[in-house]
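**Q** Right, I'll just put the structure down here and ask away after.
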Amino acid sequence: MPYRPIVPNHPEPVMRIYSGSAYTTREECPKHVAAKADYAIKRSKRRESPLLADMAFEPLTAVLDLVEHRGYSVEDACAALPSPADGPRILVNDRVRPPHEGLLAWTRHAARAYLDALAADEDRDGRQRTPAADPWVHQYLPGNGERPRELCAWGRRYTFHDNGETFRELRIPVLGSLERRQGDRTAKTAVEAFVLATGTPVDSDVLASEPGRYWGGVPFPMRHPDGRSPEAAPGPRRVRIVEVSCLDSAVSPPLFEGDVSEAKAFYAAEGRGRLRTVVRADARVPGSDCVSCKVHPGCTALPSVQGLLGVSSKRRPRRTWSVTTGRYYEDCPAKAHFRELRLPTEAGVEYPAPVRQGHAVHAWLQRLHERRPFRPCTADDLPEDPGSWSAGQWLLEGEDARRATEMLAGHIEVCPLKDVSPITDVRMEQTLAAEDPEADVVVLAKADMLFHRDGSLVYHELKTSGSITPFGSRRLMWRHPQLALAVHLFARGVIEPGPMSTVELETLTPSGPDVRTIDPRSESAQARAAEVVHGLTAHWYGEERFPPAPDPKVCGRCPYQRWCPSADPGEDPEER
């Protein structure tokens, strides 16, 4: 059935679907993604906005818009960004929140890297690209009684001509290196190609005049090829999509390049079915999506525990907290903020040899423990070549590989799946989530391994180390606060404890394994666990500015030194 265009002022709220909805991981909540697209679903209350920008691309988009559409230099565009003292500012029709000094350093670098890549491509292919200020949106009525739909794509938009053909190009900025990109983005790319091939420019001037109306669910106002705007000229003959690293200016080979009919066929084969599944999804997966989800109030999949974090109620933005958040904040508030922003890291600092070994061991054992039917690890499961092997994205060579192989060999002795008791429902890398409504925080815990032993849930953590250090249970939870959070979740009813429930720590070393257990029903263990968790959240909860806290021990192993405002002031951030 042919699609019909939407008439202006359509009475029903739009379904506005972005191409990113077609790419989801197992940790994303299908219901959240569907609700985000459905503008008939309203938030129960207005969300408190953070003082600082909490998305890395927010200031970068503003800077690139000022450069490409207003003629600013990169330095002048960065200077136009608001400071924390100013509060949010409207720049090129978008509301922009103040960036942290570290995010500002990354934004300056990212803008230059992105624009350098664009200039290099134009020099190489001889195509002069014209930035398109208005987003392209494919807007239609399905014609079967369903609500109006809009398909959108995020990225930087350009038009150019080549051999008499008009191109639309989407250049997608990427935070870090393209080499570290993972996952199948075929469906996402198919949606992007379709939007480029068939979309009409949004009338950004009208949108900016009544933003609350259109972002509230009224279909976007569109420009039409009636001579009002050069951007409203007839559509393209061909479309092209690439990714651009904002770290090193690398440009991917085209994710798609073809004519309009090829883009439509690609969407029909790879994108349309995926989007239909997305907008009709009702499955609920509690996790980080619960922070911004419009339907989280009353969601039965998200446990709600008043006072879980032990902090007093204040007006703070809704956010997530995990043990990693707490550990990073203890090291340095700025470091924790940079991690939440997902700023690019220095791989050699973030992943020294012991860390790479640990990740490789985890990935190797995860594959073994996910086998069906469940079975214990044996010597036949060890790497064929102890001196060279890989698991997931982690490649080990030489002594690093041999030491990690010795750790795997030690695991065979204590593999929980060799237990004589019935083991069922084994889940690896399982995210557990709970809400503290008093703090308005979603607490996240990722268990290395969850399984039922004799009908009782066991929370199993795996660590690797160069040696075994004996700890009592009190110090053990301070040393490994993941264990404290697990006990706390048992104690507060987020995880239902059974008569055989335990919190286990398996430590693998080249000289052998060590397994420690904590009874989550023990009152003394519960008190210690609460002390650890509350200690990690007390100061973090009230933080708004995330200042750096220079310390030689922390700074020397911080993977974000390149962006830190407290790094050596005599050193150019671009050269760090």
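Only the coordinates and a few stated rules stand behind these numbers; no lab work does. If you're wondering where the values come from, they're calculated on a predicted model, not measured in any experiment. Backbone-built Cβ (ideal geometry, glycine too); neighbour counts: all protein chains shown.
**Q** Please report, in debye to the nearest 20, how large the charge dipole of region 15-279 is about its Cα centre when each Lys and Arg carries +1 at its beta carbon and each Asp and Glu carries -1 there.
**A** Here region 15-279 has a charge dipole of around 1120 debye.
**Q** What FRET efficiency comes out for the pair D116/E48, r = Cβ-Cβ distance, R0 = 45 Å, nearest 0.05?
**A** In this case the efficiency is close to 0.75.
**Q** Now for a separate question. Dipole of the chain (Lys/Arg Cβ +1, Asp/Glu Cβ -1, origin at the Cα centre): which of A336, T25, F256 lies farthest to the positive side?
**A** My answer, from the dipole projection, is T25.
**Q** A follow-up question, please. At A40 and R316, where each label point lies 7 Å from the Cα along Cα→Cβ, what is the point-to-point distance in nanometres?
**A** The modelled label-to-label distance comes out at 3.7 nm.
**Q** Could you pull out the GluC sites (Glu not before Pro) across region 78-183 that fall in loop regions by DSSP (anything but H, G, I, E, B) with no more than 11 other Cβ atoms inside 10 Å?
**A** Here the sparse-neighbourhood loop sites are E146.
**Q** Fully extended, how many nm does the chain gain between D123 and Q366 (0.36 nm per residue separation, minus their Cα-Cα distance)?
**A** Length gained between D123 and Q366: 82.8 nm.
**Q** What is region 319-541 by shape, rounded, prolate or oblate, if you read a ≥ b ≥ c off the alpha carbon gyration tensor as root eigenvalues and call it rounded for a/c under 1.5, prolate for a/b larger than b/c, and oblate otherwise?
**A** oblate
**Q** With +1 assigned to the C-beta of every Lys and Arg and -1 to the C-beta of every Asp and Glu, and no other charges, what is the dipole magnitude of the chain about the Cα centre in debye, to the nearest 20?
**A** Dipole of the chain, to the nearest 20 debye: 1780 debye.
**Q** Cross-link list K188/K294; K294/K335; K36/K335: which exceed 27 angstrom alpha carbon to alpha carbon?
**A** Checking Cα-Cα distances, K294/K335; K36/K335 exceed 27 Å.
**Q** Follow-up question, since we're still on this one. List the GluC sites (Glu not before Pro) within region 506-557 that fall in a DSSP loop (any state other than H, G, I, E or B) and whose Cβ has at most 12 other Cβ atoms within 10 Å.
**A** Sites meeting the loop and neighbour criteria: E544.
**Q** Kindly write out, for region 460-465 in residue order, the coupling ³J(HN,Hα) from the Karplus curve 6.51 cos²θ - 1.76 cosθ + 1.60 (θ = phi - 60°), rounded to whole Hz, with x marking Gly and Pro.
**A** Those phi angles translate into 10, 9, 10, 10, 10, 7 Hz.
**Q** DSSP loop GluC sites (Glu not before Pro) in region 356-421 with at most 16 other Cβ atoms within 10 Å of their Cβ, which ones?
**A** E370, E384
**Q** May I pose another question? Explain nothing, just the number: dipole magnitude of region 418-483 about its Cα centre with +1 on each Lys and Arg Cβ and -1 on each Asp and Glu Cβ, in debye rounded to the nearest 20.
**A** 520
**Q** Let me ask something else. Taking square-rooted eigenvalues a ≥ b ≥ c of the alpha carbon gyration tensor, is region 15-279 rounded, prolate or oblate, where a/c under 1.5 means rounded and, failing that, a/b exceeding b/c means prolate?
**A** rounded
**Q** Would you calculate the separation in nanometres between label points at E384 and H539, each defined as 7 Å from the Cα along the Cα-to-beta-carbon direction?
**A** Distance between the two pseudo-spin positions: 5.2 nm.
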